[in-house]
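In what follows, a structure is listed as structure tokens, so that the remarks can point back to it.
Throughout, read-outs are computed from the coordinates displayed, never taken from laboratory work. Everything numeric here is computed off the predicted structure, so don't read it as measured data. For neighbour counting, all protein chains shown are included, and Cβ atoms are generated from backbone atoms with ideal geometry for every residue, glycine included.
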Ligand code: F6P
């Protein structure tokens, strides 16, 4: 376990504290006026990603101090430790080796003395073989019909990554396949996802690292009943169910032949698993070549993160800016605003990646953290958000740093759509940074009483991330950019970004409440008075309706 002096006591942090008031009083208007090259200087470009951070409230000194903070936190050695397969997930005593999932054949990455890369490629090859069989119609259901519907049952990392990847790469998907996702325990999710499907043409992928997750196992059992009741063939499970898991025993117990199981390992965190076998639905949708191209994109970013000097390292700069906004400007949230319709589920995916990773209140050695940790991530694709919540970002009382994301080459060029889309994205970050002064509003002849309403104070920070075309490779780079930015921040706060103990208490309490809802038991309830009354209210409705 690493015992590092608290971040807030480090020399660089203390220097940043002294430095912050100077920057706080500066306006982006001034910073740009003073340095005509700012928009060109404060950018970084690597592996096909152009990252503009000029519209953050920083000076060269801020950057220098943030980089010093990174150096003092031991970020370099922590990156090396991750890539070496050290057990950096200290509370679960595990490596966090998602980087091994996209390592090319021949690279050696060891866990407990064993090179894991050959196993990774063996599973990828099996996935490729299976995907090809499904896509080509060679893999048939038990009645001899070809598979046309793929339903992924999983939750958290076993759902959000696959959903996001499928939606993002839909352009590359085989269009005669229907791909659906069931995650929520709410029966509606299952019913709506299956109501129009022919069971004889449906393949379920049960995706669960542990194969014990309540929601996933409940949905999996419902799926099995649905299939067996509809097809009336006791041996149907073998042709209609495959599993993705680390838990072969539980998979076998469920009734899935482990020959139809795609393995991954405990050194892959759920929210870092979309490029493991958890991505089987993605691979079936887009094909193995595209999936491998996505892995290559991830790997390019891994290499960039591992080797680039910090002042040109995209995830490091991104992580440091996020920390600056969060810990010094007290920004509570980050808005993720992809100007790309295919990325509509990207903000939801990032919520788990960022908040399950960095929503922690103690350091790795259990000490209370003296500053805020992970900010709240949220967002919607542009331009929809502009007609909804942007009002608050522009004129509300909160500071909300934004990540604008765009692909300069459209996948669906249609008249002027792409130019208009990009014009909107650029306009938003410009408006946020520079605003509109009262004088400018007055000069337009606006009556005095309306001037305050039409004034934009500006000085609202944003990053703009531009890529070429939304390809599988580009998506891999983008996701890895955020993964490593999250890691960078976690290292600075000295937290374990790879555990998630905060989800456990709710699970345990739900397990206790389930039987209390299933019976009309008159035994006294032993919760607090609010929970007791809620349970009674539910029971009344449940048992009256029968
Ligand atoms: O919500 C907690 C969590 O453990 C996530 O970290 C994980 O992605 C999800 O549950 C699903 O877990 P599993 O893949 O084991 O079903």
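Set the Cα radius of gyration of the stretch 1-137 against 2.2 N^0.38 Å, with N its number of residues, and you get 1.55.
On a per residue basis, the convex hull of the C-alpha atoms belonging to the chain measures out at 195 Å³. Over the stretch 359-440, Cα pairs under 8 Å with separation of 6+ residues give a relative contact order of 24 percent.
Put simply, when 532-541, 224-233 are sorted by average Cβ atoms within 10 angstrom per residue, most first, you get 224-233, 532-541. Multiplying the residue separation of residue 258 and residue 122 by 0.36 nm and subtracting their alpha-carbon distance yields 47.4 nm. When you restrict to C-alpha pairs under 8 Å that are six or more residues apart and normalise by the size of the stretch 294-439, the relative contact order lands at 27 percent. Using C-alpha pairs under 8 Å with a sequence gap of at least 6, the mean separation divided by the residue count of the chain gives a relative contact order of 19 percent. The spacing between the stretch 223-270 and the stretch 361-407, judged by their C-alpha centroids, is 38 Å. Residue ranges 266-275, 60-69, 162-171 sort as 266-275, 162-171, 60-69 when ordered by packing (mean number of other C-beta atoms within 10 Å per residue, highest first). For a test of the definition: using alpha carbon positions, the gyration tensor, and the 1.5 limit on a/c, classify the stretch 337-380 as rounded, prolate or oblate. Taking the square roots of the gyration eigenvalues as a ≥ b ≥ c, the stretch 337-380 is prolate. For the pair residue 307 and residue 110, label points projected 7 Å from Cα toward Cβ lie 2.3 nm apart. Over the chain, DSSP H runs of length four or greater, each weighted -39,500 (n - 2.57), average out per residue to a 222 nm ellipticity of -13500 deg cm²/dmol. The listed peptides 434-445, 478-489, ordered by packing as a protection proxy, come out as 478-489, 434-445 (highest mean of other Cβ atoms within 10 Å first). For the stretch 2-41 versus the stretch 105-154, the inter-centroid distance based on Cα atoms is 47 Å. Note on the stretch 362-494: Rg/Rh from Cα positions, Kirkwood definition for Rh, rounded to two decimals, is 1.07. log10 I(q)/I(0), Debye, Cα-only the stretch 100-199, no solvent, q = 0.25 Å⁻¹? Once normalised to I(0) and log-transformed, intensities are -1.33. Counted over all Cα-Cα pairs of the stretch 217-312, pairs farther apart than 20 Å make up 53 percent. For the chain, the longest principal axis of the Cα atoms and the long axis of helix 117-136 meet at an angle of about 70 degrees. Of all DSSP-defined beta bridges confined to the chain, some 30% are antiparallel rather than parallel. Computed from the C-beta positions of residue 9 and residue 84 and an R0 of 30 Å, the FRET efficiency is 0.60 to the nearest 0.05.
A Förster distance of 60 Å, applied to the separation of the beta-carbon atoms of residue 132 and residue 454, puts the FRET efficiency at 0.50. For the stretch 312-391, the Kirkwood estimate of hydrodynamic radius, built from reciprocal distances between every pair of different alpha carbons, is 14.0 Å. Here the convex hull built on the C-alpha positions of the stretch 1-68 has a volume of 107 cubic angstrom per residue. Note on residue 408 and residue 76: the model spin-label points, each 7 Å out from Cα along the C-beta direction, lie 3.3 nm apart. Legend: calculated FRET efficiency, residue 534 to residue 501, from the Cβ-Cβ distance at R0 = 30 Å, rounded to 0.05, equals 0.75. Using 0.36 nm per residue and subtracting the Cα-Cα separation, the extra length available between residue 427 and residue 26 on full extension is 142.2 nm. In the chain, the longest principal axis of the Cα atoms and the axis of helix 314-323 are about 70 degrees apart. The Cα atoms of the stretch 262-356 cover 45, 30, 30 Å along the three principal axes, with the biggest extent listed first.
Taking the longest Cα principal axis of the chain as reference, the axis of helix 11-24 is set at about 60 degrees.
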